[in-house]
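Please read the structure below before turning to the comments.
The values are calculated or read from the model by the stated rules, or taken from the named source; none is laboratory data. The structure presented is a predicted model; accordingly, all values stated were derived computationally and were not measured. Glycine also receives a Cβ, built like all others from the backbone with ideal geometry; neighbour counts cover every protein chain displayed. Quick note on the areas: whole protein, heavy atoms, side chains included, nothing else; ligands and nucleic acids left out. Shrake-Rupley method; radii C 1.70, N 1.55, O 1.52, S 1.80 Å.
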Amino acid sequence: MKITALEAVPYAIPYTHPLKFASGEVHTADHVLIRIHTDEGVVGTADAPPRPYTYGETQTSIVEVVENVFAPHIIGMDPLDREKIHAVMQRTIHNQVAKGAVDIALWDIAGTSLGTPVHKLLGGWTDSMRVSHMLGFKPAQELLDEALRFGEEYGITTFKLKVGRRPLGLDIEACEVLRAGLGDDVEIYLDANRGWTANEAMEVLRRTDGLGLTLLEEPNDAKEAMGRRRLVEQSPIPVVGDESVPTAGDASRELLSGGCTAICIKTARSGFTEAKEILGLCTGLGVDVTMGNQIDTQVGSIATVTFGAAHRATSARAGELSNFLDMSDDLLADPITITDGRIFVRDEPGVGAGIDEDKLAHYRQN
Ligand code: MUC
Ligand code: MG
């Protein structure tokens, strides 16, 4: 089998409920759909969500690097020779989201051509993931109302609260109101997207002690290494690396230098191949992993479920899988449903990200 074309289709779908967090906000899913075509008619599909405030990539840069930097070298290669294709992509530094989408599309081709679901190829551990819902910046009572609604409508019992605001009391009040309103059985954890200094994060940990928070993600900039190490040493809960650990090399550096004690794996920026390397590192070192959300569409979310359900460690915790519910529409032909707080893998060859072509024609931007 040979790759005949790499297609990078920019599209835009508005959000009904914009997500706001310490490093940015999202009003429109201005993503890029990546499709890899082969001479046997098999097509691999994946979604690339640009996050300029996290990795520096934009919709335009993703189209450019896929079509004009990767494609000329990758066309003609066997899509199953992933190692060789990655060697080509590694000649270009960064561009993690563009590389991740190409990798997922290659796995989609592998599964489709073998007639096997990719969750089976990756590990086949279980058939579903528990869902964690991400709560963006809002007044405390609105956060509680949203969490109660998601609990009632979808059976979700795990929430990640976006924090990193100043004054610190805003987020501390949100934690208190959520804990009082949701009760002790609901899991609540925090993600500051580098919004605080290490000292501010330590103050928040002190003032929320006793609320049963389980994880603190990217409290400050991990590059501020001394403050971060002090915080990690003193934190009573695991400090999760997210945007500081897009690659296996980054994850090893942050874990071994004391920059974090747990890792957020995101298939959107690591693909399945590097996500597997990061996972192996984490299980070998004995640190927890979470499956994160790059503010993904349903196409991206089904990829996360595919990877997360395939492995024991990634399915142990609830994965962040519900951001697509805040979009006005999506591209997946067979929409994702959340039942009793879970999303199931697709029992069909490939990743199961069949695209509704009419919707793509409607939302595409070229
Ligand atoms: C997250 O976990 O940080 C927000 C920015 C980004 O890159 O991902 C999201 C969610
Ligand atoms: Mg995060």
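As I understand it, the dipole of segment 120-344 uses +1 on the Cβ of Lys and Arg and -1 on the Cβ of Asp and Glu, about the Cα centre. Which of A222, G136, T157 lies farthest toward its positive end?
Toward the positive end, the furthest listed residue is A222.
Please list the radius of gyration and Dmax for the chain, considering alpha-carbon atoms only, with Å as the unit.
Cα-based Rg and Dmax for the chain come out at 19.7, 60 Å.
Could you sort the peptides 35-45, 76-86 by per-residue average Cβ neighbour count (10 Å cutoff), highest mean leading? It would help to have the intermediate numbers written out before the result.
On the way: 35-45: 18.6, 76-86: 15.4.
My ranking of the peptides, most packed first, is 35-45, 76-86.
Per DSSP H run of n ≥ 4, the term is -39500 (n - 2.57); total these for the chain, divide by its residue number, and report the mean residue ellipticity at 222 nm rounded to 500 deg cm²/dmol.
-12000 deg cm²/dmol
Can you pull the one-decimal nm distance between simple spin-label points at A333 and R91, each 7 Å off the Cα toward Cβ?
The answer from the label model is 3.5 nm.
Considering the options I104, H27, P10, tell which one lies farthest towards the positive end of the dipole of segment 3-115, charges being +1 on Lys and Arg and -1 on Asp and Glu at the Cβ, about the Cα centre.
Most positive-ward Cα: H27.
Taking a ≥ b ≥ c as the square roots of the eigenvalues of the Cα gyration tensor of segment 174-272, is the shape rounded (a/c under 1.5), prolate (a/b larger than b/c) or oblate?
In terms of gyration-tensor shape, oblate.
Quick check for you: with a 1.4 Å probe and neighbouring chains kept, what is the accessible area per residue of segment 3-115, in Å²? Can you show the working numbers first?
Details: 4300 Å² over 113 residues.
With the other protein chains kept in place, segment 3-115 gives 38 Å² per residue.
Which percent, to the nearest 5, of DSSP beta bridges fully inside the chain are antiparallel? Walk me through the numbers on the way to the answer.
Details: 27 of 49 bridges.
DSSP beta bridges in the chain are roughly 55 percent antiparallel.
For segment 223-301, what does the accessible surface come to per residue with a 1.4 Å probe? Please give it in Å². Show your work: numbers first, answer last.
Numbers: 2720 Å² over 79 residues.
Here the residues of segment 223-301 average 34 Å² of exposed surface.
What spacing in nm lies between the two simple spin-label points modelled at E25 and E233, each 7 Å away from Cα in the Cβ direction?
Here the answer is 3.9 nm between the modelled labels.
Would you work out the charge dipole size for the chain about its Cα centre, treating the Cβ of every Lys and Arg as +1 and the Cβ of every Asp and Glu as -1, and quote it to the nearest 20 debye?
Details: 34 positive and 54 negative charges, 189 e Å.
Roughly 900 debye, rounded to the nearest 20.
Applying a 10 Å radius around every beta-carbon, put 144-151, 98-105 in order of their mean neighbour count, most first. Display every interim value, and only then the final one.
Details: 144-151: 17.1, 98-105: 29.1.
Ranked by mean Cβ neighbours within 10 Å, highest first: 98-105, 144-151.
Once Rh is set to the Kirkwood radius over Cα pairs, what Stokes-Einstein translational diffusion coefficient, in µm²/s, holds for segment 3-115 at a temperature of 20 °C and a viscosity of 1.002 mPa s?
Working: Rh = 14.6 Å.
Approximately 147 µm²/s, per Stokes-Einstein.
Taking 0.36 nm per residue of sequence separation and subtracting the Cα-Cα distance, how much length would be gained by fully extending the chain between K2 and Y53, in nm to one decimal?
On the way: separation 51, 0.36 × 51 = 18.36 nm, distance 3.57 nm.
Roughly 14.8 nm would be gained on extension.
Can you compute the FRET efficiency between D358 and T283 using 1/(1 + (r/R0)^6), with r the Cβ-Cβ distance and R0 = 56 Å? Round to the nearest 0.05. If you can, show how the numbers build up before the last one.
Details: r = 42 Å, r/R0 = 0.76.
Efficiency computed from Cβ-Cβ geometry: 0.85.
Heavy-atom accessible area per residue, segment 128-169, 1.4 Å probe: how many Å²?
Numbers: 1600 Å² over 42 residues.
About 38 Å² of surface per residue is accessible.
Could you look at segment 3-115 and say what percent of its accessible area is carbon and sulfur, using a 1.4 Å probe and all protein chains? Mind dumping the intermediate values first?
Values: 2250 of 4300 Å².
On segment 3-115, the fraction of accessible area on carbon and sulfur atoms equals 52 percent.
Keeping the other protein chains in place, figure out the carbon and sulfur percent of the accessible area of segment 120-344, with a 1.4 Å probe. Show your work: numbers first, answer last.
Details: 4070 of 8190 Å².
About 50 percent, which is the carbon plus sulfur part of the accessible surface.
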